[in-house]
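Input: a single structure, listed below in structure tokens.
The values are calculated or read from the model by the stated rules, or taken from the named source; none is laboratory data. Keep in mind the model is a prediction, meaning the values are calculated, not measured. With ideal geometry, Cβ positions are generated from the backbone for all residues, glycine too; neighbour counts draw on all protein chains shown.
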Amino acid sequence: MPAFSGDCADLLLDAVQVQPGERVLDVACGTGVVGRRAAQRVGLGGAVVGVDLNATTIEVARAVGTSPGSASIDWCVADPVALPQADCAFDVACCQQGMQHVSDRYLAVGEMVRTLVPGGRLGLACWRPIDHSPAFAILMQALLRHVGPETAALMQVPFTGPDPAEWRRLLAGSGVGAVTIHIGILTVRFPSTEEFLRRQVAGSPLAGPIGTLEPSRRDALAADLDQRLAPYVDDAGLIFPMQTWLVTGRKW
């Protein structure tokens, strides 16, 4: 996750222009990358709340802690479509790579907007289709060849979020205006193609199907990936771009 989530968090927080002393809500916060970086930006005079439906990731977020000079963070287990936070409680509400997974995108957006003060800012980040993140597209095709279509489909899920037209439909009538949609481009680096594969398996639902493969099939998958990712390898390891939609708006 740190290979790309931290840089994406900075792009998102830059887009919503988080300022010292503000109150920030991080929805579908996962292990808390956006929340911790927001806490650094708002400082001791601000406040951050991180919300996620997964209690395990919230436990990890709590365990990581914050850096000196950062705001306190309240980590909360809750569904993004039914947030327990009060109306008009935050200056900024963010969601990084979570809208692909919520049960109802309209409800989730509406809940985020509800928690904002008038004039508060909404910020959403969501990966563009997988072809705009070439290493993941190559991995998906390798999984299709060596593991099967069900496993390859798991790799596609993070890249199935809204396109610009759907973003505008989601925000229409939500109480948010001044909507902007930009493309954010990250440069992602791993020490090697082998390490890229290892981390994707360890930190995702791929762990099950790949862990049960026969050693010969795992070796074939790794060799195939190594060959096809060769154009993205330099003396420091694997490097490739990723693209995300950055969507911002302001509550009326």
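Annotations
- Residue in the stretch 184-196 that is among the aromatic types (Phe, Trp, Tyr), in a helix (DSSP H, G or I) and either in contact with a helix residue (DSSP H, G or I) (Cβ under 7 Å, 6 or more places away or on another chain) or modelled with pLDDT of 95 or more (or both) present: yes
- Restricted to the stretch 146-156, and to residues there that are of a type outside the set (Ser, Thr, Tyr) and surrounded by 14 or more Cβ atoms within 10 Å (Cβ to Cβ), the residue that is nearest to TYR106 (Cα to Cα) is GLN156.
- Residues being more than 18 Å from GLY6 (Cα to Cα) and either among the hydrophobic types (A, V, I, L, M, F, W, C) or surrounded by 13 or more Cβ atoms within 10 Å (Cβ to Cβ) (or both) - total across the stretch 196-216: 9
- Checking each residue in the stretch 219-240 for being touching a residue at least 60 places away in the same chain (Cβ under 8 Å) and closer than 14 Å to ALA142 by Cα picks out ALA220, LEU221, ASP224, LEU225, ARG228, LEU229.
- Applying the condition of being within 16 Å of the chain's Cα centre (by Cα) and surrounded by 14 or more Cβ atoms within 10 Å (Cβ to Cβ) to the stretch 168-189 and asking which residue is nearest to VAL233 (Cα to Cα) yields VAL188.
- Residues of the stretch 152-182 classified as polar (S, T, N, Q) and at pLDDT 95 or above, total: 1
- Verdict on THR160 being surrounded by 13 or more Cβ atoms within 10 Å (Cβ to Cβ), of a type in the set (S, T, N, Q) and under 22 Å from CYS94 (Cβ atoms): yes
- Residue match in the stretch 162-176 (condition: in a strand (DSSP E or B) and closer than 25 Å to GLY123 by Cα): yes
- When the stretch 134-153 is filtered for residues that are assigned to a helix (DSSP H, G or I) and of a type in the set (Val, Ile, Thr), the ones remaining, listed by number, are ILE138, THR151.
- Pick from the stretch 217-240, criterion surrounded by fewer than 17 Cβ atoms within 10 Å (Cβ to Cβ) and assigned to a strand (DSSP E or B), ranking: nearest to the chain's Cα centre (by Cα): ILE239
- Residue pairs meeting the criteria (Cβ under 9 Å; at least 6 apart or on separate chains; first free of Cβ contacts under 8 Å to residues at least 24 places away in the same chain and farther than 18 Å from THR244 by Cβ, in the stretch 134-160; second assigned to a helix (DSSP H, G or I) and polar (S, T, N, Q)): LEU144/THR151; ALA152/GLN141
- Residue that is nearest to CYS95 (Cα to Cα) [pool: residues in the stretch 199-218 that are of a type in the set (Gly, Ala, Ser) and without any contact (Cβ under 8 Å) to a residue 12 or more places away in the chain]: ALA202
- Lone qualifier among GLY6, GLY50 - being touching a Phe, Trp or Tyr at 6+ places or on another chain (Cβ under 7 Å), closer than 30 Å to VAL201 by Cα, free of Cβ contacts under 8 Å to residues at least 40 places away in the same chain and of a type outside the set (A, V, I, L, M): GLY50
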